[in-house]
């Protein structure tokens, strides 16, 4: 197996992807089927420019998926009922976040849907971010939330790319998740939320 010298700080996943690509890439003398017993198989490295581009493609990814779309509402109970009766959505979770000054509800789009959810957000007090949003813009989409595997690493990557985050350290979000936000002025006017879900406990 050949040795790769990748740029400093290249994530482990990118290193593995690059190594795997080198071993599988190409045709002719640089590629071979699993060798027969007693045979040896030689591998040729990718051109450096191709390898760098492929590493960058892997390492650029910050998010793993869309987690939810947050919608600001004035009355949570009325809105949950409306989304259920009008769109057939299913309520899966409600909670109160005193720190953020918000009541929230998570809705599943359909009964067997495991994809992104709709989050309804209603203010607890007049000085909360949701109350200020409603005063400024009225009810509507307030945030787009992306899921991340490690919120500290994701935040560092975004700061390195010149984006401002609202919090120095992650805060508690829905269901005990960890959250942070990208300043909307740095994200095309969209309030981007980073969500690191609670890791499930595996019973021994």
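The values are calculated or read from the model by the stated rules, or taken from the named source; none is laboratory data. Remember, it's a predicted structure, so these values are computed and weren't measured experimentally. As a convention, Cβ positions derive from the backbone with ideal geometry for all residues, glycine included, and neighbour counts pool all protein chains shown.
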Go through region 92-104 and count every residue that is assigned to a strand (DSSP E or B) and in contact (Cβ under 8 Å) with a residue 24 or more places away in the chain.
-> 8
Looking for whichever is closer than 19 Å to residue 61 by Cβ and touching a strand residue (DSSP E or B) at 6+ places or on another chain (Cβ under 7 Å) here; the options are 147, 108, 161, 156. Which one fits?
-> 147
State whether the residues of region 73-91 include one that is within 21 Å of residue 194 (Cα to Cα), at pLDDT 95 or above, outside any helix (DSSP H, G or I) and out of contact with any helix residue (DSSP H, G or I) (no Cβ under 7 Å at 6 or more places or on another chain).
-> no
The lone condition residue 154 fails out of (1) part of a helix (DSSP H, G or I); (2) farther than 16 Å from residue 66 by Cα is (2)
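Output the residues belonging to region 118-141 that are part of a strand (DSSP E or B) and over 18 Å from residue 77 (Cβ atoms).
140, 141
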Can you name every residue in region 157-183 that is without any contact (Cβ under 8 Å) to a residue 60 or more places away in the chain, surrounded by 14 or more Cβ atoms within 10 Å (Cβ to Cβ) and not in a strand (DSSP E or B)?
-> 163, 166, 170, 177
So which pairs qualify, if the first residue must be in region 122-140 and outside the structural domain of residue 103 (by TED's automatic domain parsing), the second must be surrounded by fewer than 19 Cβ atoms within 10 Å (Cβ to Cβ) and in a helix (DSSP H, G or I), the Cβ gap must be under 7 Å, and the two must be at least 6 apart or on different chains?
-> none
